[in-house]
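Report on one structure; see the data block that follows.
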Amino acid sequence: MSSYQFPDDFLWGAATAAYQIEGAATEDGRKPSVWDTFSATPGKVLNGDTGMTACDHYHRYESDIELMVQLGIKNYRFSIAWPRIIPDGRGQVNEAGIDFYKRLLDRLQEAGITPYATLFHWDSPQALEDLYGSWRSREMARDYADYVTAVVSRLGDRISQWMTINEIFCFTHMGYSAEEDPPHAPGTRVKTVKEVWQTSHHALLAHGLGCQAIRAASPVPCTVGLVDNISVTVPLMETPGDIEATKKAFHTYGTNGGVIFPALTGNYSPALLEKLGSQVPDIQPGDLETIHQPIDWLGFNIYSGVYTRAADNAEGYEFLPLPPGYPRLHMPWLNIVPECLYWGIRHVSETLGRPDLPIIVTENGCAAQDRLVDGEVMDSDRILYLRQHLKAAHRAASEGYPLKGYFVWSLMDNFEWAWGYDRRFGITYIDYATQQRIPKASFAWYRECLRQNRVV
Ligand code: GBH
């Protein structure tokens, strides 16, 4: 029997997001998103890079689907751009924007690839930022739900796997808090911690209303998921003491207590509420019910974790600082902590009390310092990273946690937000001067994993 074998129905896939790959930012009626404005502002994105052209996927989607066929994936996660569908954020639907996704979806279907669509991956329409400060206002949740209805009623015959929102922390806290560096669009610094949490509260409302809108508009039976970048605490040792400490820390680490807790349990974590004190966002009657919609599965974007152990202090735990020289990939936060995949999944079951909820790893991957040498990219560091993480995912599945699939981030190098094109997360190399696609060594390795349905 070969080792690290996944269940027969395990879903293998690759992921991308609209603003990071599409380009064609002014074509067919698309209007700016906050990322267009932000990246056009000097000093906001490394090297002044923008998503104006990106990977030119808008024009190259057919050959990109060929690439997926070559890879052998049967599942593809991508996102739909709100500013293409409703360019002013609210009001008129732009059918030319819809048509692009129809073409993409028809071609995917011909290739036998199941689409997983994220309805929002950070590209808020600039018009709504100008009108009412986008996520600072409750109105954003309503407009988002109308946008969702517009998409699902038009594309719902072609897609049945939906994700409402990608990583609430990243476009709210990183978009509005002065504490996040580098900031994300819109880069507006609100004055108080409460106002920052208010933006993520509005995003949660959008998720809840979005779930309802998808189910109401879909012409076929469909599934709905939320995608969160849970911040994962990992026990230094798997002793009862360190495991307990890790679970305790999980409640307030990152935005867990105010994002995944309300979405899955219907309440902000009590430990977070206590920590925030007067800075708790305004929560109106009924909000928590709206937010706590039934979802069919949880999408889990996971890249790293923090080692935690029991401590004799007021909190009862402490995080271990990593020594200089600790192995890390090509981002300041990409410390190699492969057990994050196992513990993240186990936290959903045990710490959040949802052992029933199917989980799909909707993103895992890394930026590496890829070099093109004689037409080849030999990214053995990425293979090392992915192999270790997949083994941790395998452990979760083999212990019976409901892990259903894994999507690598990313199918190809792309616009890495505040880091522009300087950071490469793809298993396919993009030569941006020519837009040539060059599969890396990790591409061949990943193809072998899914061909054998195990970690190779
Ligand atoms: C994902 O975000 C995104 O969905 C995707 O678009 C992106 O390209 C990809 O990952 C790679 O970055 O507070 O300093 O510890 C994950 C981004 C990474 C953002 C970890 C928050 C924590 C930074 N997240 N990060 S820190």
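The values are calculated or read from the model by the stated rules, or taken from the named source; none is laboratory data. Values in this document were obtained by computation on a predicted structure and should not be read as measured data. Here the Cβ positions follow ideal geometry from the backbone for every residue, glycine too, while neighbour counts run over all protein chains shown.
From the list PRO182, PRO221, which one is touching a residue at least 24 places away in the same chain (Cβ under 8 Å), in a loop (DSSP other than H, G, I, E, B) and either more than 14 Å from the ligand (Cβ to nearest atom) or crowded, with 23+ Cβ neighbours inside 10 Å (or both)?
Going through PRO182, PRO221 in turn, just one is touching a residue at least 24 places away in the same chain (Cβ under 8 Å), in a loop (DSSP other than H, G, I, E, B) and either more than 14 Å from the ligand (Cβ to nearest atom) or crowded, with 23+ Cβ neighbours inside 10 Å (or both): PRO221.
Just the residues that are surrounded by fewer than 19 Cβ atoms within 10 Å (Cβ to Cβ), part of a loop (DSSP other than H, G, I, E, B) and in contact with a strand residue (DSSP E or B) (Cβ under 9 Å, 6 or more places away or on another chain), please, taken from the stretch 322-335.
LEU322, TYR326, PRO327
Look at THR164 and say whether it is within 16 Å of the ligand (Cβ to nearest atom), within 20 Å of LEU273 (Cα to Cα) and crowded, with 17+ Cβ neighbours inside 10 Å.
No; evaluated as a whole, the condition is false for this residue.
Do any helices (runs of 4 or more DSSP H) lying entirely in the stretch 1-102 carry at least 1 residues that are of a type in the set (D, E, K, R) and either within 16 Å of the ligand (Cβ to nearest atom) or modelled with pLDDT of 95 or more (or both), and which ones are they?
34-40, 57-71, 82-85
Can you tell me which residues in the stretch 409-456 are among the aliphatic types (A, V, I, L, M), closer than 19 Å to ILE65 by Cα and touching a Phe, Trp or Tyr at 6+ places or on another chain (Cβ under 6 Å)?
ILE427, ILE438, LEU450
May I ask you to list pairs of residues, at least six apart or on different chains, whose Cβ atoms are under 9 Å apart, with the first in the stretch 102-119 being acidic (Asp, Glu) and the second being surrounded by 15 or more Cβ atoms within 10 Å (Cβ to Cβ)?
ASP106/ARG158; GLU110/ILE65
When you scan the stretch 269-279, do you find a residue that is of a type in the set (S, T, N, Q), in a helix (DSSP H, G or I) and surrounded by 15 or more Cβ atoms within 10 Å (Cβ to Cβ), even just one?
Taking every residue of the stretch 269-279 in turn, none turns out to be of a type in the set (S, T, N, Q), in a helix (DSSP H, G or I) and surrounded by 15 or more Cβ atoms within 10 Å (Cβ to Cβ).
Just the residues that are more than 16 Å from the ligand (Cβ to nearest atom) and under 30 Å from GLN279 (Cβ atoms), please, taken from the stretch 198-218.
The answer is GLN198, HIS201, HIS202, LEU204, LEU205, ALA206, GLY208, LEU209, GLY210, CYS211, GLN212.
Looking at this structure, is PHE120 within 16 Å of the ligand (Cβ to nearest atom), of a type in the set (A, V, I, L, M, F, W, C) and in a loop (DSSP other than H, G, I, E, B)?
Yes; evaluated as a whole, the condition is true for this residue.
How many of the residues making up the stretch 293-321 are crowded, with 17+ Cβ neighbours inside 10 Å and within 19 Å of LEU352 (Cβ to Cβ)?
So the answer is 12.
Which residue out of TYR406, TYR429, TYR446, TYR421 is of a type in the set (Phe, Trp, Tyr) and closer than 15 Å to ASP49 by Cα?
Every option except TYR421 fails the conditions.
Any residue in the stretch 2-10 that is closer than 23 Å to ASN166 by Cα and crowded, with 23+ Cβ neighbours inside 10 Å?
Within the stretch 2-10, none of the residues are closer than 23 Å to ASN166 by Cα and crowded, with 23+ Cβ neighbours inside 10 Å.
Any idea how many residues of the stretch 123-161 are more than 16 Å from the ligand (Cβ to nearest atom), touching a residue at least 12 places away in the same chain (Cβ under 8 Å) and of a type in the set (Asp, Glu)?
4
Inside the stretch 298-321, can you point out the residues that are in contact with a Lys or Arg (Cβ under 7 Å, 6 or more places away or on another chain) and either assigned to a strand (DSSP E or B) or without any contact (Cβ under 8 Å) to a residue 40 or more places away in the chain (or both)?
Answer for the stretch 298-321, where residues must be in contact with a Lys or Arg (Cβ under 7 Å, 6 or more places away or on another chain) and either assigned to a strand (DSSP E or B) or without any contact (Cβ under 8 Å) to a residue 40 or more places away in the chain (or both): TYR317, GLU318.
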